[in-house]
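Please treat every number below as a calculation from the coordinates, not as lab data. The shown structure was predicted, so the numbers you read here are calculated from the model rather than taken from an experiment. Every residue, glycine among them, receives a Cβ derived from its backbone with ideal geometry; neighbour counts consider all protein chains shown.
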């Protein structure tokens, strides 16, 4: 598919110093932001607890924060999921200074203690009263706990297990994860004795934990190391591949361009205080692959034009190569950007950081393939090969 009837004749190489200046200012701003406030590291890298909680009644972030402040967790990150649902993500971040002091077992105990504290704090007075009377909360009980509760009343273990599994399945089928009342239990077709027991000694709590994830501080520390190594090895792999496929200097230019794309993406993550998690790492590595693909297409044209335009200057050859692939670049980047914009606006809070990073990466990768990768080739030719020829 071609956008232009004939290849355009834009002089991209004449704008390389302007492009370098813009990129330099963004990266310097990112460095300043890094040293002034640092990354907003998520649970994956710091260690901590992430809970997805669903409420029956309307709640606000402020109300939840006030409740958590009473147990010393007021600084937890609380995010509402969507606008209509009463679902929230609660993330408690473990102090980085603790990573060397605690073993993994102690981490897990600490997380379980935090989870229990949060559960007790957001529990309504009515639910607390029911628990004090020895009743079981079906919305906050595991299959095993429900099984044991039913079996303790003299009901056979087989019937208890079957009943507990059906109740758990009912909760998972509901988007809120909450059973509203005994009528929904009756619709499961459980044995009458089980229904009678649950009607007398069970209640349906006003909230439920849809998921609880623990990340130990030691695990978070290792993930930070592995993320750095993964990025470095990816860049080295690109250098080797492009150096073998084209020329070594092509590989160097590609790696510099990829490093530029990563630094720009990290800078915008810092500017907008985006949570740095494993999904963001995945997006950054995706950016590396996306940007490299576009760069290789241009380099392939450069290689061919070097043979056909021997009497032309390096700037003319590079501009010609970029212009020949410009239609392909615009179409590919445009369709990709439309997709990631849809993810950003319609995908929900869960993939917000991932889609944001991809948006920055697609725009930056397209810009760098045009204004950065070939510009480094021209600089090499003029500054080093030119002097050598003289």
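In plain terms, the chain from residue 158 to residue 191 could stretch by 10.7 nm, reckoned as 0.36 nm per residue minus the Cα-Cα distance.
When the chain is treated as a GNM with alpha-carbon contacts under 10 Å, the residue of 268, 149, 209 showing the greatest mean-square fluctuation is 149.
In terms of other Cβ atoms within 10 Å, 69, 301 run from fewest to most in the order 69, 301. Using only the Cα atoms of the range 137-205, build the gyration tensor, take square roots of its eigenvalues as a ≥ b ≥ c, and label the shape rounded, prolate or oblate: rounded if a/c is under 1.5, else prolate if a/b is larger than b/c, else oblate. Prolate is the answer for the range 137-205, as a/c is 1.5 or above and a/b outweighs b/c.
Any idea how far the Cα center of the range 271-332 sits from the one of the range 176-201, in Å? If we compute the Cα centre of each part, the gap is 61 Å. Entry note, the range 137-205: relative contact order of 43 percent, from Cα contacts under 8 Å with a spacing of 6+ residues. Bridges between two residues of the chain, per DSSP, are antiparallel at a rate of about 85%. The angle between the Cα long axis of helix 314-324 and the longest principal axis of the Cα atoms of the chain comes to about 50 degrees, rounded to the nearest 10. Of the residues 123, 308, 50, the one that moves most in a GNM of the chain with alpha-carbon contacts below 10 Å is 308.
Identify which of 281, 43, 194 has the largest mean-square fluctuation in a Gaussian network model of the chain, with springs joining Cα atoms closer than 10 Å. Comparing 281, 43, 194 in the GNM, the peak value goes to 194. Available extension along the chain between residue 32 and residue 272 is 85.0 nm, counting 0.36 nm per residue and deducting the alpha carbon span.
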